[in-house]
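What follows is a single structure, written as structure tokens, with notes after it.
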Amino acid sequence: MNDTALEIASQPDMWSRGLALADEARAALGASGERMLLLGCGTSWFVAQSLAELREAAGLGETDAVCASEFVPRRRYDRVVAITRSGTSTEVLDALRRLPAGVHRVAVTAVAGEPVDDLVDTRILLDFADERSVVQTRFPTTVLAMARAGFGEDLGHLVADGVDALAAALPADPAAIEHLVFLGTGWTIGLAHEAALKVREAAQFWSESYPAMDYRHGPVAVAGPRSLVWSFGAVPDALDEAAQQAGALPYRDGRDPLAQLLLAQRFAVALAEHRGLDPDHPRLLTRSVVTA
């Protein structure tokens, strides 16, 4: 079994450990009443999008999420949180350096002793969820599990749902699919973007992602009989009907959205293997993007 698949399979255990850090997450990421910015690149940007929606929905304060490479220090924030598995991504470090004095800086990372440590006031270290793989799976989902618990959500079902998703049949035969679409709503829009990225990274395959109700505003036009339209969370049932009208196969299940993402990660690996690719060594990608 490749490292990516092993790390996917480890997620229920990682989530249990992440849930135990709810108090640390509440202090560093909850920060009730503060205006917060979340930064990240790639997967970490999508995690930031989900966290921003979760924090605002929990009534903890105004929260933005920005791709670190696009950050411009124009708005006032009390706290800025950088999500960076490696602690070395150039765009994240540059964004932290551009923050004005007086902003509380937080890093959520998987590796100690990296450059990000010198740029922040508070660090949440999830070294137990670090990965050998270039393709991130368990680190981002553990961040989300930890934060959701810290924001006060009851996640007593989460680990069992993850175990169930590991044993579940894939929603389609990878050989029968030519096109993947992921849909989300609210905080699961970030999960939809992340699932599509996993498919592109691991399997070099055509995948798209959208806020659910926007799917009918154009993107559905390219769906067809070999398309799989996969919904995360409380996506309206009408989107399944739209996919079926296009000849596509809709898929959704009742598990926690993080367990739904786990299943999508499994599908990405299965698709890579069907295509004769090694998901541990994705084309043109490295564990961290560091520029001169």
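The values are calculated or read from the model by the stated rules, or taken from the named source; none is laboratory data. Treat the numbers as computed from the prediction; the structure is a model and nothing was measured. Because the Cβ atoms are built from the backbone with ideal geometry, glycine has one as well, and the counts that use them run over all protein chains shown. All accessible areas refer to the heavy atoms of the entire protein, side chains included, with ligands and DNA or RNA removed. Shrake-Rupley method; radii C 1.70, N 1.55, O 1.52, S 1.80 Å.
Just to verify a number: FRET efficiency for ALA160 and ARG275, C-beta to C-beta distance, R0 = 35 Å, to 0.05?
The computed FRET efficiency comes out at 0.65.
Build a GNM of the chain with springs between Cα atoms under 10 Å: which of GLY190, GLY102, GLY224 gets the top mean-square fluctuation?
GLY102
Using a probe of 1.4 angstrom, how much of the accessible area of region 160-209 is carbon and sulfur, in percent?
Answer for region 160-209: carbon and sulfur cover 55 percent of the accessible area.
For region 209-291, what mean projected area does the convex hull of the alpha carbons give, in nm²?
The orientation-averaged projected area of the Cα hull of region 209-291 comes to 7.4 nm².
Per the Cauchy relation, a quarter of the hull surface: what is the mean projected area of the convex hull of the alpha carbons in region 138-179, in nm²?
4.3
Taking only Cα atoms and a 10 Å spring cutoff, compute GNM fluctuations for the chain and point out the largest among ALA57, ALA196, ALA270.
Of ALA57, ALA196, ALA270, the Gaussian network model singles out ALA57 as fluctuating most.
Along region 30-38, what does the Karplus equation 6.51 cos²θ - 1.76 cosθ + 1.60 (θ = phi - 60°) give for ³J(HN,Hα), rounded to whole Hz, x for Gly and Pro?
x, 6, 3, x, 7, 8, 10, 10, 10
If each residue of separation counts as 0.36 nm, what is the full-extension length gain between ARG97 and ARG283 once their alpha-carbon separation is subtracted?
The ARG97-ARG283 span can extend by a further 63.9 nm.
Leaving out ligands and nucleic acids, and using a 1.4 Å probe, what accessible area per residue does the chain come to in Å²?
I get 40 Å² per residue for the chain.
With r defined as the distance between the Cβ atoms of ASP237 and ALA175 and R0 fixed at 41 Å, what FRET efficiency is calculated, to the nearest 0.05?
Working from the Cβ atoms, E equals 0.90.
Taking all protein chains in place and a 1.4 Å probe, what share, in percent, of the accessible surface of region 50-158 do carbon and sulfur account for?
Carbon and sulfur: 42 percent of the exposed surface of region 50-158.
Return P(r) of region 56-117 (all Cα-Cα pairs; 5 Å bins starting at 0; whole %; ordered from short to long distances).
4, 16, 29, 24, 16, 9, 1
Evaluate region 85-220: find the radius of gyration of its Cα atoms, find its Kirkwood radius, and give the ratio Rg to Rh.
1.01
So which residue, out of MET36, MET146, MET213, gets the largest mean-square fluctuation from a GNM of the chain using Cα contacts under 10 Å as springs?
Result for the chain, Cα springs under 10 Å: MET213 fluctuates most.
How long are the semi-axes of the ellipsoid equivalent to region 1-152, from square roots of 5 times the Cα gyration tensor eigenvalues, in whole Å, largest first?
Its equivalent ellipsoid spans semi-axes of 24, 18, 13 Å.
Tell me, what does the Kirkwood hydrodynamic radius of region 217-265 come to in angstroms if you use every pair of distinct C-alpha atoms?
This gives a value of 11.3 Å.
Relative contact order, percent, of the chain when contacts are C-alpha pairs under 8 Å separated by at least 6 residues?
21
Work out how far the C-alpha atoms of region 159-213 reach from end to end along every principal axis, then list the three figures in whole Å, largest first.
Here the Cα extents, ordered largest to smallest, are 31, 28, 20 Å.
Stokes-Einstein at 4 °C, 1.567 mPa s, Kirkwood radius from Cα pairs: D for the chain in µm² s⁻¹?
68
So which trypsin sites (Lys or Arg not before Pro) in region 233-281 end up in coil per DSSP with only 16 or fewer other C-beta atoms within 10 Å?
Hits after loop and neighbour filter: ARG275.
Could you tell me the center-to-center distance, by alpha carbons, between region 23-102 and region 123-202 in angstrom?
Here the two parts' Cα centres lie 20 Å apart.
Which length gain, in nm to one decimal place, applies between ASP253 and GLU34 when the Cα-Cα distance is subtracted from 0.36 nm times their residue separation?
Length gained between ASP253 and GLU34: 75.3 nm.
Could you give each residue of region 102-113 its phi-based ³J(HN,Hα) in whole Hz, using Karplus coefficients 6.51, -1.76, 1.60 with θ = phi - 60°, and x for Gly or Pro?
Once θ is set to phi - 60°, the couplings for region 102-113 become x, 7, 6, 9, 10, 10, 10, 9, 10, 9, 8, x Hz.
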